[in-house]
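J.: Right, I'll just put the structure down here and ask away after.
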Amino acid sequence: MHELSIASAILDRVTAAAEQNAGARVTKVGLRVGELASVDPDALAFGFEALAKGTALADAVLEIEYRKRKQRCTACNLEFEPGEISSNCPACNHADTVCIAGKELDISFIEVEGPPCA
Amino acid sequence: MRVEIEEKVLSENDRLAQQLRERFCAHKVFCVNLISSPGSGKTALLERTLEALPRTARVAVLTGDIQTENDARRLARAGFPVKQITTGGTCHLDASMIIKALADWDLDAIDILFVENVGNLVCPTSYDLGEHAKIVLLSVTEGEDKPLKYPSIFAAAELCIISKVDLLPYVPFNLPQAIANARQVHPGMGIVETSCTKLQGLTEWLAWLERRKTCAIEERANQM
């Protein structure tokens with residue numbers, strides 16, 4: 001439900017980045033969204049499109065790279081994608097594992113067209 | 001042309017949360033962020049907590065809702081400073097709302113700041129408020145599989161309060177399974193069982209607060 005606020009934060013940041021490349025048109029915004037980020041990619045794309053309408057980013061498309069959750073076992077250092085029910089280490093069944101990926105909510109890049117930056 | 005950005009989407013919120021963290025540290029305020037589904041008993045827990053504290057306790061509450069001042073009215077009866085944050089539709093509190101709400105409060109007069117987030121298990125997890133600890137409530141009228149359905153908040157919370165345990169005889173809630181599910185998602189998480197109508201578990205909850213407050217203030221002083 002908070003995808004609209006997330007989309008708005010993306011729009012603000014990308015608008016600022018685009019202004020540094022004056023005259024350029026943003027064609028693509030690259031995002032990284034983790035499984036644990038509590039963000040639905042479709043709802044985010046919908047919110048972005050709605051907010052971008054009528055702005056300099058109206059033609060920009062979102063490219064979302066979805067990251068699966070990954071844990072690392074503190075006993076044997078195995079890195080693994082946990083199952084739905086258990087985040088125990090699949091190798092040694094150790095319960096103490098730490099999350100090393102899946103929380104991402106990042107703007108990774110933008111693509112711009114138009115007057116090259118001088 | 002591709003331009004690398006490599007920034008967190010919520011970096012502006014993170015920046016403001018860091019400001020809050022520094023202020024809490026400077027003024028020795030211990031801040032907890034209470035998160036749960038609507039109706040799990042965040043306000044009831046805070047009511048009983050405030051009533052249990054001595055009148056001289058230096059505590060304050062910020063309570064978030066989409067609409068109404070009802071929670072602030074309920075909490076203000078205990079006589080401590082309470083402020084309602086009405087988000088007007090937004091489903092979570094963010095750091096800027098906390099900064100605004102604290103603007104006219106003297107942080108030197110506060111030892112513990114309770115933030116009651118908007119009832120929602122999803123979105124509040126993403127917004128750092130500069131708090132020392134997130135606390136998640138799970139009531140026994142919900143499903144024991146909630147930790148598995150909403151792993152983000154259970155992974156982020158330091159303490160899970162299982163509320164309304166006086167209703168256990170009347171509901172099909174499997175308490176050992178709920179605890180196992182919570183520990184599955186977050187092995188080290190503390191768990192306290194409470195009932196706000198029968199006043200169970202409050203001593204344990206208050207002891208957790210006191211213990212956590214002491215070590216948080218020390219930890220942060222060392223970090224900064």
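J.: Only counting other Cβ atoms within 10 Å, I'd like B:Trp208, B:Trp105 sorted with the fewest neighbours first. Don't skip to the answer; put the middle values down first.
T.: Numbers: B:Trp208 19, B:Trp105 15.
Fewest-to-most Cβ neighbours within 10 Å comes out as B:Trp105, B:Trp208.
J.: What ratio of Cα Rg to 2.2 N^0.38 Å holds for the stretch B:11-218?
T.: Numbers: Rg = 16.1 Å, N = 208, 2.2 N^0.38 = 16.7 Å.
Compactness ratio reported: 0.96.
J.: Please compute, for peptide A:106-112, the average count of beta-carbon atoms on other protein chains lying within 10 Å of each residue's beta-carbon.
T.: Details: counts 7, 7, 5, 5, 5, 3, 3.
Going residue by residue through A:106-112 and averaging, the value is 5.
J.: Report, for the stretch B:98-224, the % of DSSP beta bridges that are antiparallel, rounded to 5.
T.: On the way: 1 of 10 bridges.
Just about 10 percent of them are antiparallel.
J.: Using the number of other C-beta atoms within 10 angstrom as an exposure proxy, rank B:Ser36, A:Ser108 with the fewest first. Provide the component values of the computation, followed by the final result.
T.: On the way: B:Ser36 27, A:Ser108 17.
Fewest-to-most Cβ neighbours within 10 Å comes out as A:Ser108, B:Ser36.
J.: Going by average Cβ neighbours within 10 Å, how do the peptides B:121-132, B:62-73 rank, with the highest at the top? Provide the component values of the computation, followed by the final result.
T.: Values: B:121-132: 23.5, B:62-73: 17.7.
Put in order of decreasing packing, that is B:121-132, B:62-73.
J.: Note down the relative contact order for the stretch B:103-224 as a percent, whole number, built from C-alpha pairs under 8 angstrom at least six residues apart. Walk me through the intermediate numbers first.
T.: Values: 130 pairs, mean separation 26.7, N = 122.
Over the stretch B:103-224, the number comes to 22 percent.
J.: Which of the trypsin sites (Lys or Arg not before Pro) found in the stretch B:176-224 are in a DSSP loop and have at most 14 neighbouring Cβ atoms, other than their own, within 10 Å?
T.: On the way: sites: B:Arg183, B:Lys198, B:Arg211, B:Arg212, B:Lys213, B:Arg220; in loops: B:Lys198.
Counting only loop positions with at most 14 other Cβ atoms within 10 Å, the trypsin sites (Lys or Arg not before Pro) in the stretch B:176-224 are B:Lys198.
J.: Residues with beta-carbon under 9 Å from that of B:Leu16, excluding B:Leu16: net charge, scoring Lys, Arg +1 and Asp, Glu -1?
T.: Details: positive: B:Arg15; negative: B:Glu12, B:Asp14, B:Asp94, B:Asp128.
Here the count lands on -3.
J.: I would also like to ask the following. Can you work out ³J(HN,Hα) from phi for every residue in the stretch B:71-88, in order, using Karplus 6.51 cos²θ - 1.76 cosθ + 1.60 and θ = phi - 60°, giving whole Hz and x for Gly and Pro?
T.: Going residue by residue, I get 5, 5, 4, 4, 6, 5, 4, 6, x, 9, x, 9, 9, 8, 10, 9, 8, x Hz, with x marking Gly and Pro.
J.: Residue by residue through B:5-16, how many Cβ atoms from other chains fall within 10 Å of the Cβ on average? Walk me through the numbers before you get to the answer.
T.: On the way: counts 13, 6, 5, 8, 18, 8, 5, 3, 2, 0, 0, 0.
Per residue, the average neighbour count from other chains is 6.
J.: How compact and how long is the stretch A:1-112, expressed as Rg and Dmax of its alpha-carbon atoms in Å?
T.: For the stretch A:1-112, the Cα radius of gyration and maximum Cα-Cα distance read 17.8, 56 Å.
J.: Same structure again: Which links in B:Lys146/B:Lys213; A:Lys103/B:Lys149; A:Lys103/B:Lys134 stretch past 20 Å when you go from one Cα to the other? Don't skip to the end; give the middle numbers.
T.: Numbers: B:Lys146/B:Lys213 28 Å; A:Lys103/B:Lys149 16 Å; A:Lys103/B:Lys134 16 Å.
Cα-Cα > 20 Å for B:Lys146/B:Lys213; rest within.
J.: Let me ask something else about it. Only Cα pairs under 8 Å and at least 6 apart count here; give the relative contact order of the stretch B:44-169 as a rounded whole percent. Spell out each step's value before the answer.
T.: Working: 173 pairs, mean separation 29.2, N = 126.
Answer for the stretch B:44-169 is 23 percent.
J.: Take B:Cys25, A:Cys89 and order them by how many other Cβ atoms sit within 10 Å, fewest up front.
T.: B:Cys25, A:Cys89
J.: Short version: ³J(HN,Hα) in whole Hz for each residue of the stretch A:9-15, in order, from phi by Karplus 6.51 cos²θ - 1.76 cosθ + 1.60 (θ = phi - 60°), x for Gly and Pro, what are they?
T.: 5, 5, 4, 4, 5, 6, 4
J.: Relative contact order, percent, of chain B when contacts are C-alpha pairs under 8 Å separated by at least 6 residues? Working shown, then result.
T.: Details: 386 pairs, mean separation 52.6, N = 224.
Contact order relative to length: 23 percent.
No lab work stands behind these numbers, since they all come straight from the coordinates. Since the model is a prediction, treat every value here as computed from it, not as a measurement. Every residue, glycine as well, gets a Cβ built from its backbone with ideal geometry; the counts of neighbours run over all protein chains shown.
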